[in-house]
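Values quoted throughout were computed directly from the atomic coordinates according to the rules given, and no laboratory measurement underlies them. Predicted, not measured: the structure shown is a model, and the values here were computed from it. A quick note on method: Cβ atoms are made from the backbone with ideal geometry, for glycine too, and the neighbour counts reach across all protein chains shown.
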Amino acid sequence: MMFFAWHKVERSARAAAMLALALALAGCAGLDPGGRKADLPAVPTAAPRTTGIDTPAGSEHKRLVALFGGEYHFAAAELYLNGILARLAQTGEEPSQAYRVTILNTPVVNAFALPSGNLYVTRGLLALANDSAEIAAVMAHEIAHVSARHANQRAELERNAAVISKAAALIQSRQKGEEVQASGRLSLASFSRQQELEADQIGVRTIQRAGYDAYGAARFLASLGRASNLRASLFGQKGGDEQPDILATHPATPDRVRQATAAARLSGPPGTGASGREEYFNAIDGIDFGDDPSEGFVRARRFIHPKLGFTFTAPDGFVLENSAQALLGIAFGGSQALRLDSVNVSSSTSLESYLASGWMEGLDANSIRSTSLNGIPAAHGTAKGGDWQFRVAVLRFGNEVYRLIFATRTLSAATDARFLESIESFRPLAGEDAQRTRPLRLRIVTAERGDSATALARRMAVAEQPLEQFLLLNGLDATPAIKPEERYKLVVE
């Protein structure tokens, strides 16, 4: 959680939206679930240097990397991925196109490509994949987007849709203009779904020609769907892969799995190509899992930030999710939510004045109370906006003012008491707590005789549904037979 300041007034309707936890980033594999960072070899002093203004492709690369937490350097994984990429490029639709893969420092499961040939995979995606064929399928899918000029085609369609929508708004009624715009969005969404299916098909053919198991694409897509459903269940929501939003840009995962499996059957039965499980496991053994250590850690309902020196515990029932912008939480299927972030506020401005300054519309000025929590100056109050009611607190700690916003449909006395108790849990982090909190890593272990999925899952350093997460990370079904001497992924401290 890397805090940053907001510099604009938020409307009450947007305050509710702020707490809606729309966290899954949109990309080819948009989803969620990274130890030890390995340094890349130093650049030789004789290596050529470039100077001057960035190219558009270079600027886009920097922007995208910054958006996803920066580059993640882990030498074994980088070397292995670039080896797979070189092999795929030779058998792709355009063998002359140069490609380079960058690992992004985020637990979000995602992958994308730029027309320049820059490919990106997140460390969350590396943790979800289970063999070389699966990760090759992801990269082949992205190569297909580049070779098929999907970005250019989409940009052209967007330009045409914008022109048509503008013309409709000028020469027709407002209602008709809105109908045209809605039709354009539907066409664009349908076009994007077709691109994804086309990229899947091209990707399957590419990995088959490169000698990989063509069923790797279907396996990874199935894991992707399971990850989506598990994430939804953690947040008390129903998974939506079977009935996607009609405007979603991606086809439903079961459809993609079926079509990818059908394409793979054209190359032969399962096992025809190489899966490369052992080699892949060797390449990812020890990568960071979950939150970036520099942004703090979520441990069940507790948030710990050793770098900033504080800890906070959410109320019962909350599931927390950390992001580069804020700590977010949701409870009871979305009927309650929270946000923790920070702002720069002059030391000459009192907390009461800042709380009443208008950044939170609907605040009841008469509800503001000043207090001291664990030696930290604080002020809190209540607000209303739309269908939501809020308990808002600001705390001056270090050089920042931290803002805790709780939202609920009905702020009963019992609910408010839970929120206030949680606010009071914000405190400086004791030295021993900081030392005991270590980042999570993905560790590859060898099963012993008598091991079961349940026994291995007990070794997982995750609080929520450890068995389900163990099965997901290892691509196992609900009642797997654990094989002695077989290697499996665990999340450890």
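Worth pointing out:
- Only one residue of 454, 466, 444 has its Cα farthest out toward the positive end of the dipole of region 379-493, where Lys and Arg carry +1 and Asp and Glu -1 on Cβ, and that residue is 444.
- Rg/Rh for region 381-462 stands at 1.20; both radii use Cα atoms, and Rh follows the Kirkwood definition.
- If the convex hull is drawn through the Cα atoms of region 293-435, its volume per residue in Å³: 112 Å³
- Neighbours of residue 77 by Cβ distance under 10 Å: Lys/Arg scored +1, Asp/Glu scored -1, total -1.
- Taking a Cβ cut-off of under 13 Å around residue 100, the surrounding Lys, Arg, Asp and Glu residues balance to a net charge of -3, with basic ones at +1 and acidic ones at -1.
- Around the Cα centre of region 447-492, unit charges on the Cβ atoms of Lys, Arg, Asp and Glu (plus for the first two, minus for the last two) sum to a dipole of about 120 debye.
- Fewest-first ranking of 233, 353, using other Cβ atoms within 10 Å as the exposure measure: 353, 233
- The calculated pair-distance distribution of region 447-492 uses every alpha carbon pair, bins of 5 angstrom beginning at 0, and gives 5, 25, 38, 23, 8, 1 percent.
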